[in-house]
1. For region A:284-332, state which GluC sites (Glu not before Pro) are in a DSSP loop and have at most 15 other beta carbons lying within 10 Å of their beta carbon.
2. Could you quote the convex hull projected area for the protein assembly as shown, Cα atoms only and averaged over all directions, in nm²?
3. Which ³J(HN,Hα) values, rounded to whole Hz and listed in residue order, are derived for region B:51-65 from phi using the Karplus coefficients 6.51, -1.76 and 1.60 in 6.51 cos²θ - 1.76 cosθ + 1.60 with θ = phi - 60°, glycine and proline given as x?
4. Could you tell me whether region A:498-698 comes out rounded, prolate or oblate from its Cα gyration tensor? Rule is a ≥ b ≥ c as square roots of the eigenvalues, rounded for a/c under 1.5, then prolate if a/b exceeds b/c, otherwise oblate.
5. Suppose R0 equals 41 Å; then what is the FRET efficiency for residue B:83 and residue A:762 from their Cβ-Cβ distance, rounded to the nearest 0.05?
6. Using a Gaussian network model of chain B whose springs link C-alpha atoms within less than 10 Å, name the residue from B:23, B:321, B:277 with the highest mean-square fluctuation.
7. Distance between the C-alpha centers of region B:126-205 and region B:2-24? Whole Å please.
8. DSSP loop GluC sites (Glu not before Pro) in region B:65-142 with at most 15 other Cβ atoms within 10 Å of their Cβ, which ones?
Amino acid sequence: MLVSYKWLQEYVDLTGVSAEELGEKITKSGIEVEGVETLNEGLKGIVVGHVLECEKHPNAEKLNKTLVDIGGEEPVQIICGAPNVAKGQKVAVATVGAVLPGNFKIKKAKLRGEASNGMICSLQELGIEAKLVAKEFSEGIFNFPEDTEVGQDALALLGRDDQILELGLTPNRADCLSMLGVGYEVAAILERDVKLPEPKTASATEKAEDYIKVSVEAKEDNPLYTAKVIKNVKIGPSPLWMQTRLMAAGIRPHNNVVDITNYILLEYGQPLHAFDYDLLGSKEILVRRAKQGEEITTLDDAKRTLTEDHLVITNGSVPVALAGVMGGANSEVNADTTTVLLESAYFTGPVIRKASKDHGLRSEASSRYEKGVDPARVRPAAERAAELMALYAGGEVLDGTATADSLTLEPAVVSVTLEKINSVIGTELTMQEVEAIFTRLQFKSTVDNDTITVTVPTRRGDITIEEDLIEEVARLFGYDNVPKTLPQGAATPGRLSEYQLKRRLVRRYLEGAGLYQAITYSLTNQEKATQFALEKRQPVELAMPMSEDRSLLRLSIVPQLLEVLKYNTARQNDSLAVYETGAVFLKNDGEDLPEEEEHLAAAITGLWENHQWQGEKKPVDFYVIKGILEGLFAKLGLADKISFSAAEKEGMHPGRTAEVTLNGAAIGFVGQVHPTVQKDMDLKETYVFELNLKTVLEAGTAPLQYESIPRFPSITRDIALVVDKNKSAAELQSIIVETGGKLLKDVYVFDLYEGERMEVGKKSIAFSLKYFDPERTLTDEDVTKTHEKVLKAVEEQAGAVLRG
Amino acid sequence: MQERLKELQAEALEKVTQAADLKELNDIRVSYLGKKGPITEVLKGMGKLSPEERPKMGALANEVRDMITGAIEEKQIALEKAAVEQKLAAEKIDVTLPGRPVREGNHHPLTRIIEEIEDLFIGMGYTVAEGPEVEKDYYNFEALNLPKGHPARDMQDSFYITEEILLRTHTSPVQARTMEQKQGKGPIKIICPGKVYRRDNDDATHSHQFTQIEGLVIDENIRLSDLKGTLDVFAKKMFGADREIRLRPSFFPFTEPSVEMDISCKMCGGHGCSTCKGTGWIEILGAGMVHPNVLEMAGYDSKKYTGFAFGMGPERIAMLKYGVDDIRHFYTNDIRFLKQFSVTE
């Protein structure tokens, strides 16, 4: 809502309160003032001029040479390019020395050899938005009424010597979608009186009810419909002051009748609609739900097909307006209109909201009905509009109002105790202070002991329960005056859950290992939603996506991380390591929520080690990323429960991918992205993993138990085994561990040889075995006995030969 | 014989002085003091001497021997020292060359903000509650006093999956779920961080996916002043002890009264500048007293229990705190962006 500071003064005395101060006060007590704009800021030297002469410029086809009286001793010559300039017009002239928007200074000039001492201005050139300029002046200069005095300040006449407060209204404060509503609010804030307009119309002999019969079929949607009839109307421009107020409020002037309905909309917050009575085609108004498939062409010349969800105003047979949203083209007020049917009605929010949404039509009217108008203003608004039509359109207002009224108008009565008010806010207000606040709001109240009972005016439909009253008290008492305290209840232990702690541990570990945390979008496209998924499931699909690229919820994180690598690689950052923890979504049937699994994924590419001046460069490989995972599982106490086995997965390198299992159940994968995928994304060799983090973090771990530091020495034996190339290290290791028994404390691979000196199809793999007995010093014989068994086992079970 | 010994002594000492390295010195030791050396040779002639002269000559020979040995040892120490110095000189490096970088990653700036806020409230006795990102309309709207057709649903156009399921538009459903689990009993003190989604076109200030942190306290006798005090503690810890807070009335369907909290602008100290659009204040979060309908719907007696709730956007806080100018940076994951948040403040 754009509120003119000058206009507001008609309802509240603003003496001693500047627009800025007022803005600050309104903000503090409830409605955010998003800005205070001074309309003529930086403009000067613009006066009303009278075009005395106007002829074609001798040397320029499109220019005119004019002689303009600007109230000085001599008229001035001005060259003007506007197509609509003509002799006799009263115009806005930027005189020499004037400043226009954008700090554009007017100087003496010569245009194609002719002197030009000023500029005749369009409204746009004076800083008014083009969409607000009346159509007749939108392509050229503006004309003041003929009787306008020459030489006076044109900006003041145009209402630009004003400041506009831009109110950011929350949906509950629809009452402030009107100047009167803002008036009440400001009066309460400043503790001043509010002045209301008192419409008067001359009495007429003819009765409105003889001209029109009004009935409502859809009483729930339309509890009150009123129609007034104004005869002998002359369509023309509305008075300049009205036009300027409309423009300042963001509404484009049209003609006197339409401008008056818009002016009342702004003043009362009550939408009105003017029909051309003679075009209605009947003497009847019937309000009903539209028939399925019924059509109407609205004022914007759009043909709209209606359903039973929409409310229409009809002439008894065909729709003449989409109720509360927009009038019909068939009954539009036009230059020849002489009799106006003025509608003022109370439509309920939901039906208007539905029509507005279905037809993508949001009008000043519909947005007010959606949020709720004050039913008590339906009649006064119509009276006031009729008064203005008599004054400014020469109309004759017929006696009375044709009405269909099923409205029960009962103001809300709400009670609250002083104790409740103070205990919710944390204050020690007295009943007198509370009463005074409601008096400021012009709410009637009665006090009975500790209880105050408030009758809430219908204009404040947002107040229905005691908490609403408490809010009124709090905001007008001032939040600045509310003390700062802390909750007094029993202490509660604050902590992260075990899961949350472990998740943080996982993140810190990965960051310590050199990975950056990424956060990517959950919504993705068809291809990426299922790519690299751990589980083959349908992705969750949005009913109405905004784009194909954000239409489904992801089943895995890896595709998003590859996008991150691609983005960065394309920007000269091709050595990268990123990880993400986040939900993936597995579809369930029907109305069940999808399952959300927290996953952990990582992707690395480029160089892993790069010590520039020492020339040490090591690209990422499978064992780098596997090492990160092994370290993670060790940190989580799960090292013994995890195993890796060769696996094939779509999108992954068939020979460099492993499935990860926890206690024998698959929890994810690790490996190299398939070279074709890498190539498609312009990536170098890239390795990724993705795990079901939820399963990992929920896996039980053994309690931490101290183990005594060994007092006896251990004995190490290294063996190099020649085996078939496809024998895995894990297989050999498990044989060794099993056979080694208790004495074998540790075993690890320390060498791998697959070079020329090996027989074809064979490789040599070397293990280091550490034997140890916590009870005594082992002898060579003890170790040899076990070690022989180990060698025999690997030979028998894996065909391994000790390398000579 | 005596002269011969003196002669050898002078000769040996001269050679020791001349010795250039340890090997040469050792050669000198062997050639003069060894069993086949000239001194031993001289002493072989002792038999020809008179018994009186023998001890004298023996003493002299030992004297010569000791002198040479002493000189050699002395020289040896000097040579060793020189050798060490030479080695050290050869080992000199340029200490100004850069060291080997320690590979290090870092958490995302949003995680940094979220964890900071989590820890701050954990210190005040809160626990961290989480919930699903795909929610039932009931928890996202209805249980929060937003029945179907409510105009405030417009404020947050949503991604629906079915008529009853949608991507949550705020983390408030976690509050509704927590209240429901507690079955009408207090106290509750939680904060709920998480991802949320709204139908917005991505631009510098809008993102269809973003994060939120909400807080909820429910107990007997929770007052608006408690909310103000709590937010004051939060603002001063998060933004600096010299920052002031201001509450302004606002509207949210799930709280009544509702407020918005501003903090005084750091740039201008509250005098008004471009950062705060001339107001001296910067909007940080929305809050309020839990609406009685919300309490009742979750099974709380609104006559007995009151509560407050607040909600904020980590993106906005990060943007204000670090001067980030485009919300899309948080989701592009440009490494040049992420790396900037490695340092501690």
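1. Working: sites: A:284, A:294, A:295, A:308, A:332; in loops: A:294, A:308, A:332.
Sparse-neighbourhood loop GluC sites (Glu not before Pro): A:308.
2. Details: hull surface 312.4 nm².
The number I arrive at for the protein assembly as shown is 78.1 nm².
3. Values per residue, Gly and Pro as x: x, 5, 6, 3, x, 4, 5, x, 4, 4, 4, 4, 4, 4, 4 Hz.
4. Working: a/c = 1.69, a/b = 1.23, b/c = 1.37.
The shape class here is oblate.
5. With a Förster radius of 41 Å, E is 0.20.
6. Residue with maximal mean-square fluctuation among B:23, B:321, B:277: B:23.
7. About 99 Å separates the Cα centre of region B:126-205 from the one of region B:2-24.
8. Details: sites: B:73, B:74, B:80, B:85, B:91, B:104, B:115, B:116, B:118, B:130, B:133, B:135, B:142; in loops: B:91, B:104, B:130, B:133.
In loop regions of region B:65-142 (DSSP not H, G, I, E or B), the sparsely surrounded GluC sites (Glu not before Pro) are B:91, B:104.
Quick note: the coordinates plus some simple rules give every number you see, no bench work behind them. Values in this document were obtained by computation on a predicted structure and should not be read as measured data. Every residue, glycine as well, gets a Cβ built from its backbone with ideal geometry; the counts of neighbours run over all protein chains shown.
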